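The values are calculated or read from the model by the stated rules, or taken from the named source; none is laboratory data. The structure presented is a predicted model; accordingly, all values stated were derived computationally and were not measured. Note: ideal-geometry Cβ built from the backbone for every residue, glycine included; neighbour counts use all protein chains shown. These accessible areas exclude ligands, DNA and RNA; they are computed on the full protein's heavy atoms, side chains included. Shrake-Rupley method; radii C 1.70, N 1.55, O 1.52, S 1.80 Å.
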Amino acid sequence: MANVEEAPISDIIFRGTDGNECEAFIVAIRNLAFAKGKDEDPNWMLRYATTRLRHKALRWHARLDPAAKKDWDLFVQALFDEYPLIEEREEGGIATPVW
């Protein structure tokens, strides 16, 4: 599939640094799955994602509930729970609502 923003396969690594890295990891897995025609195959995404874990993320995965190790949606939710998103803030440290 042409022109999908896809990281080279060897570059898709999740180390467990923070929520921003986590979100980028999930997006990269989904983009790769789409490019390979596997975006509707959650088992493929799960199996591939677990091969790309390193450092803190790999140790976290070793302790993960077995149910989440077998279900893509539960795996993603567990990642987001463990590594919450770090939102960028304005200089004053207070998030400004957009309305």
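Within the stretch 51-83, the set of residues being acidic (Asp, Glu) and assigned to a helix (DSSP H, G or I) comprises ASP73, ASP81, GLU82. Across the stretch 39-50, the qualifying residues are those that are part of a loop (DSSP other than H, G, I, E, B) and in contact with a helix residue (DSSP H, G or I) (Cβ under 8 Å, 6 or more places away or on another chain), and the one among them that is most open to solvent (accessible area, probe 1.4 Å) is ASP39.
Of note, LYS36 satisfies the criterion of being at pLDDT below 95 and open to solvent by 70 Å² or more (accessible area, probe 1.4 Å).
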